[in-house]
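Below you'll find the structure, written out as C-alpha cells, and then a few comments.
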Amino acid sequence: MKTNTMGIMAIVMMAAMVAPAFADTTTLNTNWNGAGILDMNFTAGNDLSERFTTGGNLISGNFQATDFNNNPYGYSVDSVNSYVTAKVTGGYATYQADRTDFATHPGNGENSTVPYMYGTAGQQLYAFVQASPDGSAEMAIGTQNNYASLQAGTYGMPHTTNGKNFEANASSFIIQEQILDGNGDGANFNLIGSGSAKIDSMSSEMGGSSFNFGKGLGCYTNADLDATGTGSFNVNAWADNGLNIDKGTIVIPGGGVDNGATYNLQIGYNGHFVYDNFALGGN
C-alpha cells in the first residue's frame, strides 16, 4: 500500500511541473491507476481553489484544470476550467471547487476592493462517491469559473462507464453533490444505498445570490436517478427569496429572510426506483 501510494503521488508531482501549453495559461493534466491515496490541489491565483482526493483498493481516473490567466472584460477574475473522471473500488473520491474572488468594475482597476454586480466569492461545488470493498463508484464532474459565476457544465464531456455523472454498484454506497451560491444558499442530493445506481446531473449554475441545480447553462434539463436495490434518496434546497422545484412546478416563497424558503425531499426505495427530474432553482 505504501509503495503504491508514493508512486501515485509521484505522478501528480510530475504533472504539476509540466510547462504550460501556452505562455499565459497554467494547465494541470494527470492520470492515475493503482491502489492507495491521491490528494491534489489546484489554485488559480486568488480566483478559484480546487481539491480532489481519492483512495481505495483500486483507484483510476483523470483530473485536468486550466487557469487561462486572461481577466476577460477587465473584471479581475480569470477563466478557470476543470474536470475529473474518477472510479474507485472499495474506496472514495471527493471533488470540491471554491470561488475565492469577486468581480470588480473594470473602471476601478483589478486591485479594487469593491465588488461589482457579477459573481461574488463563496460559490462552491462539492461531489462525493464511496463504495464498499465489494463494489465500485464513479464520478464525472467539473466546473467553469468566469467573471460572472461558477458553473458546472458536463455536456459533451467524458462521463462514467454507463454515460452518467455518478454511478455505483456495491453492497453499500454513497453518492452526493452540493452547490452553493455567493450568498450561502444552495441545494444538494444525497443517495445512500445497496445495489446499483446511475445519476445524471448535467449542469448547474451558481451566481452571486441565485442558483440552478441540475439545470441551466442553455442545456436541456438532465437531472435524474435510476437505482435498483434498497436505499434512500434526499434532495434539499434553501434560499432567501424563493425556490422553484421543476417536478410538480412547486413554488416556495421565502420572504427575503435568511433561508426563508426550504425544500426537503425524502424517498426510501426497495426494488427498481426511477426519479425523472430533481432539478430546481433558487435566489
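Derivation of every value follows stated rules applied to the coordinates shown; laboratory data play no part. All values reported here derive from a predicted model rather than from experimental measurement. Note that each Cβ is placed from the backbone with ideal geometry, even for glycine, and that neighbours are counted across all protein chains shown.
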Task: Residue with peak Gaussian network fluctuation, the chain [Cα springs, cutoff 10 Å], from Gly256, Gly208, Gly218 - done: Gly218
Open item on the list: Using the basic label-point model (7 angstrom from Cα toward the beta carbon), what is the Asp276 to Met117 distance in nanometres?
Closed with: 3.9
Task: Built amide H within the under 5 Å cut-off of Ser149, gap 5+ - done: Gly119
Task: GNM flexibility winner over the chain from Met40, Met202, Met139 (Cα, springs under 10 Å) - done: Met40
Open item on the list: Report the number of Lys pairs in segment 2-282 whose alpha-carbons are under 28 Å apart, with separation of 8 or more residues or on distinct chains.
Closed with: 10
Open item on the list: Give me the mean projected area, in nm² to one decimal, of the convex hull enclosing the Cα positions of segment 151-283.
Closed with: 7.7
- [ ] Would you mind ranking Arg51, Arg99 by Cβ crowding within 10 Å, fewest neighbours first?
- [x] Arg51, Arg99
- [ ] Enumerate by residue number the chymotrypsin sites (Phe, Trp or Tyr not before Pro) in segment 206-271 meeting two conditions: DSSP loop (anything except H, G, I, E, B), and at most 13 other Cβ atoms within 10 Å of the site's Cβ.
- [x] Tyr220
TODO: Under 18 Å from a label point 7 Å along Cα→Cβ of Thr221: give me every residue in segment 244-283 with its amide N that close.
DONE: 244-253, 262-266, 274-283
Task: Shape call, the chain: gyration tensor on alpha carbons, a/c limit 1.5 - done: oblate
TODO: Please report Val235, Val274, Val129 as a ranked list, fewest other C-beta atoms within 10 angstrom at the top and most at the bottom.
DONE: Val274, Val235, Val129
Task: Label zone at Tyr155, where the point sits 7 Å out along the Cα-to-Cβ direction: segment 202-221 residues whose backbone N lies under 20 Å - done: 202-207, 211-221
TODO: Rank these for me by crowding, His272, His159, His105, going from fewest to most other beta carbons within 10 Å.
DONE: His272, His105, His159
